[in-house]
Amino acid sequence: MDWEGIFGGMSSASFFNFSFMGKYGGYILQALGYTLLLAVVSVLLAIIPALVLAIMRLSKNKIVRTISGAYIAIFRSTPLLVQLSIIYFGLFGAVRIPNTWQLFGFIPLSRFIPGVVALALNSSAYVAEIFRGGILAVDIGQTEAARSLGLPAWPAMRMVVLPQAIKNVLPALANEIITMVKESSICSTLGMAELMFAAKTVAGSTYITLAPYTIVAVIYFCINYPASKAIEAIERRMRRGDRK
Amino acid sequence: METGNEIIRVEGVTKEYNGGAVKALTGCNLTVQKGEVIAIIGASGSGKSTLLRCLNMLEEPTSGHIYFHGVDLADPKVDLNLHRRKMGMVFQHFNLFPHKTVMQNITLAPVFLKLKTKADAEAKASQLLKRIGLADKANEYPNMLSGGQKQRIAIVRALAMEPEVMLFDEPTSALDPEMVGEVLDLMRDLARGGMTMVVVTHEMGFAREVANRVIFMGDGKPMEEGTPDAIFNHPQSDRLRDFLSKVL
């Protein structure tokens, strides 16, 4: 496609001056991969800590409950950008990852890992609340039946409650990935070459100030909107299954 | 602490909610002998379900003792899981595991707790299902069953643990009227087979016919108890007479 020929005559401040796409299209596509990887890996990494936090939150032991509650409160009540900066400069200032380690040849681990860790720690606070809600939504009679058969607390949770809770929380978990696709744009501030960073880079090097952001917005939308609609459809079908 | 055939002894059990604002049990004493069928009756809110749920500590008493073969279950140091195995419980709302098949519902606990091998547990489950005429439902999920079938399978699930006593918490209250009979029939069978049973129930006919002993709960404790004949034909207190006049 002749991007230069079609859009070349437009103003550099135009919403639709996509003349850069011929040269930078591949770069932006690569950045999309970076964004998706950040989002998916973060939420996947968040699942286990979130489960632990949720179960701690529901514990009878007040200290255990408080520790989990404090973690969730801190990560939900401070900005992600602040958390990311503290983790990047603080934690990974101490633990250095060699610059030469790369993922798929274009993702330097020295930036990717701190980004993923920060997003995962943040996400685990939100996912923990999702799990907590999912566990509480399972009828208490299920736990009582399992315990009355002599099953200890954790096996009752693992074999009876969690399988039912997981089904309840899958849509919310998928929504968390969508949130992370958007939130991960914050990693651009620390030089991670995801979508937002790509837009800034293209704008800086081509002097086309607006259109790179338009195209990135369109990409975010085209990922998230269909995904959220698909989740809604799945949720509707699951509700129909429950009513039976 | 154990005398003869005594299985459970409840001593001075109280249960309060909201820091004493609600007193569900106000000092209950009760013994359950081996082979006894005890029916607990009373108005709603009289504490009968709470008392039953205290027997296997699903409800923790605020004070008092619950001895099961002489071991005080209210003692926090006691491993409840070991004792609960021996006390089968049947709930008003069945509480079958919806994500497990009928067979898995029945074999889950005995296999996990290593009381039986999977093969033995399944053989036992098949035998029990056959006995209640539901052998063909072994691989169905609970949502495919009627209320009466669910409750009978819940009873079988408890029986699969080979309990010494069965606790029934209003087992027919959530059933459509035409399904009450099949559940009561199964319970009657169990009673005839010598199973020790404590049944919280609104089915006065069942209490009168099957129970050896009927306990009338009022104000959070057993108010009057005796044989079905004594309770239903010769009630002593006004409260019991009043209750019977409403339910009979």
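The values are calculated or read from the model by the stated rules, or taken from the named source; none is laboratory data. What you see is a predicted model, and the numbers here were worked out from it, not measured in a lab. Cβ: placed from backbone, ideal geometry, glycine included. Neighbour counts: every protein chain shown. Each accessible area value is taken on the protein alone, full model and side chains, heavy atoms only, with ligands, DNA and RNA left out. Shrake-Rupley method; radii C 1.70, N 1.55, O 1.52, S 1.80 Å.
Taking H as built 1.01 Å from N, whose amide H comes closer than 5 Å to the amide H of B:GLU6, not counting residues under 5 places away?
B:LYS34
Structure shown: which of B:LYS23/B:LYS48; B:LYS34/B:LYS116; B:LYS34/B:LYS86 lie over 18 Å apart, alpha-carbon to alpha-carbon?
Values: B:LYS23/B:LYS48 13 Å; B:LYS34/B:LYS116 25 Å; B:LYS34/B:LYS86 13 Å.
In this structure, B:LYS34/B:LYS116 lie more than 18 Å apart at Cα.
Can you find, among A:ASN224, A:ILE63, A:ALA145, the residue sitting farthest towards the positive end of the charge dipole of the protein assembly as shown, where Lys and Arg contribute +1 and Asp and Glu -1 at Cβ?
A:ASN224
Can you give the mean number of other chain Cβ atoms that lie within 10 Å of the Cβ atoms in peptide A:149-162?
5
Past 30 Å, Cα to Cα: identify those pairs from B:LYS221/B:LYS246; A:LYS62/B:LYS114; A:LYS182/B:LYS100; B:LYS77/B:LYS114; A:LYS60/B:LYS15; A:LYS62/B:LYS15, in the order given.
A:LYS62/B:LYS114; A:LYS182/B:LYS100
Using only helices, what value at 222 nm comes out for chain B when you add -39,500 (n - 2.57) per DSSP H run of length 4 or more and divide by the total residues, to the nearest 500 deg cm²/dmol?
-10500 deg cm²/dmol
Restricting to DSSP H runs of at least four residues, report the calculated mean residue ellipticity at 222 nm for chain A, -39500 (n - 2.57) per run over all residues, nearest 500 deg cm²/dmol.
So the calculated ellipticity at 222 nm is -23500 deg cm²/dmol.
To the nearest 20 Debye, how big is the dipole of the protein assembly as shown about its Cα centre, given +1 on the beta carbon of each Lys and Arg and -1 on that of each Asp and Glu?
Around 960 debye, computed over the protein assembly as shown.
FRET efficiency for B:LEU115 and B:ASP238, Cβ-Cβ distance as r, R0 = 41 Å, nearest 0.05?
For B:LEU115 and B:ASP238, the calculated efficiency is 0.25.
For segment B:200-248, rounded, prolate or oblate, judged on the Cα gyration tensor with a ≥ b ≥ c (square roots of eigenvalues), a/c < 1.5 rounded, else prolate if a/b > b/c?
rounded
Please compute the contact order of chain A in relative form: average sequence separation of alpha-carbon pairs under 8 Å and at least six residues apart, divided by the residue count, as a percent.
28 percent
Using a 1.4 angstrom probe on the protein heavy atoms only, could you order B:LEU190, B:LEU80 from most to least accessible area?
Values: B:LEU190 10, B:LEU80 40 Å².
So the residues, ranked largest to smallest area, are B:LEU80, B:LEU190.
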